[in-house]
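Down below is the structure, laid out as structure tokens.
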Amino acid sequence: MNRRILMAIPMAALLAACASQPHSTPVSVADTIARDPQLSTLNGLVQKAGLTDTLRAAGPYTVFAPTNEAFSAVPATTMAALAADPAKLKNVLAYHVLPARVSAGDVKNGNAKTVQGANIALAKAGTFVTAEDAMVQSADIAASNGVVHKVDRVLMPPASH
């Protein structure tokens, strides 16, 4: 066999394997959260608060998404109070959302206004990014209408006066 043909066979096999893989097209922030098993608690709460359609809208949005582990650290009484009060739950969840697309590389030290209306303190040191006292564990999960950053804590908005 010709040497070129022998070299081309593995390359053709590699290209065929790559072509058969499904392409990961970004979906909305809501659907990005729904697809991630580490965000199943957040997904359920987003649905309960009636925010799914909002997070499927045009955006752009940046969501600081608490993981299941982050929610497990919230006192049970607090979670029960949120579950019993959809407006309060919506308020807390909206505090995790910025009405803009902010990648980890674009974070500037300072405050950013949330969808909830209060400011959230963002900070970056090297590759570390925080939102209030929550550390971003997994950054820049692309969505069609924004970006999701997984965080290790649930953020509570400041008490309104």
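Any read-out appearing in this document is the output of simple, stated calculations on the displayed coordinates, not a laboratory observation. Computed from a predicted structure; not experimentally measured. Ideal geometry is used to build each Cβ from the backbone, glycine not excepted, and the neighbour counts take in all protein chains shown.
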Q | Under the Karplus curve 6.51 cos²θ - 1.76 cosθ + 1.60, θ = phi - 60°, whole-Hz ³J(HN,Hα) for region 72-77, x wherever Gly or Pro sits | A | 5, 7, 7, x, 4, 5
Q: May I ask you to derive the relative contact order of region 27-161, considering only C-alpha pairs under 8 Å and at least 6 residues apart, and to give it as an integer percent?
A: 30
Q: Quote to one decimal, in nm, the extra length available between SER144 and LYS88 on full extension: 0.36 nm per residue of separation minus the C-alpha distance between them.
A: 17.4 nm
Q: Taking H placed 1.01 Å from N in the peptide plane, check which residues at least 5 places from SER138 or on another chain put their amide H under 5 Å from its amide H.
A: LYS150
Q.
For a protection proxy built on the mean count of beta-carbon atoms within 10 angstrom, sort 105-113, 91-99 highest first, please.
A. 91-99, 105-113
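Going by average Cβ neighbours within 10 Å, how do the peptides 120-129, 26-35 rank, with the highest at the top? Mind showing how you got there, number by number?
Details: 120-129: 14.0, 26-35: 20.1.
Order by mean packing, descending: 26-35, 120-129.
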Q: For every other residue with a beta carbon closer than 11 angstrom to the beta carbon of VAL97, add +1 if it is Lys or Arg and -1 if Asp or Glu, then tell me the sum.
A: +2
